């Protein structure tokens with residue numbers, strides 16, 4: 001089975017936007033947690049009702065794996081160029097560190 005990765009356009013700033021994942025509209029919020037020095041992700045339905053909150057953007061794991069029961073239709077993977085184990089920093093999100101939605105075709 002082939003997989004297709006879709007890059008989610010992010011910037012190194014707190015942000016909230018609408019996005020379609022596997023044909024379903026969601027609201028995604030990405031914000032910097034200064035205390036932990038990490039980016040975190042919230043996912044809500046298109047009306048803003050929370051589905052998942054406070055997921056750290058870490059590399060090397062499917063961020064949705066613990067929530068398979070939600071059947072969101074794919075995986076969320078963070079990858080940093082030139083060092084696949086490096087977590088996104090405050091300044092490199094959306095440039096060197098990227099978030100991908102990966103679906104199996």
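The values are calculated or read from the model by the stated rules, or taken from the named source; none is laboratory data. Worth saying up front: this structure is predicted, and the values here are computed from it rather than measured. Note: ideal-geometry Cβ built from the backbone for every residue, glycine included; neighbour counts use all protein chains shown.
I need the full set of residues from region 49-59 which are part of a loop (DSSP other than H, G, I, E, B) and farther than 19 Å from residue 23 by Cβ, in order please.
Scanning region 49-59 gives 57, 58.
Name the single residue, out of those in region 20-46 being in contact (Cβ under 8 Å) with a residue 60 or more places away in the chain and surrounded by 14 or more Cβ atoms within 10 Å (Cβ to Cβ), that is nearest to the chain's Cα centre (by Cα).
That would be 30.
Given (1) crowded, with 16+ Cβ neighbours inside 10 Å; (2) out of contact with any helix residue (DSSP H, G or I) (no Cβ under 8 Å at 6 or more places or on another chain); (3) farther than 12 Å from residue 76 by Cα, where does residue 52 come up short, assuming only one miss?
Of (1) crowded, with 16+ Cβ neighbours inside 10 Å; (2) out of contact with any helix residue (DSSP H, G or I) (no Cβ under 8 Å at 6 or more places or on another chain); (3) farther than 12 Å from residue 76 by Cα, only one is false for residue 52: (2).
Residues in region 47-70: is at least one touching a residue at least 40 places away in the same chain (Cβ under 8 Å) and at positive phi?
No, that holds for no residue.
Looking at region 60-69 only, could you name the residues that are touching a strand residue (DSSP E or B) at 6+ places or on another chain (Cβ under 7 Å) and not in a loop (DSSP other than H, G, I, E, B)?
Correct list: 62, 67.
Tell me, please, whether a residue that is under 18 Å from residue 10 (Cα atoms) and surrounded by fewer than 12 Cβ atoms within 10 Å (Cβ to Cβ) can be found in region 60-79.
Scanning region 60-79, I find no residue that is under 18 Å from residue 10 (Cα atoms) and surrounded by fewer than 12 Cβ atoms within 10 Å (Cβ to Cβ), so the answer is no.
Would you pick out the residues in region 80-105 that are within 23 Å of residue 34 (Cα to Cα), assigned to a strand (DSSP E or B) and at pLDDT below 95?
Across region 80-105, the qualifying residue is only 80.
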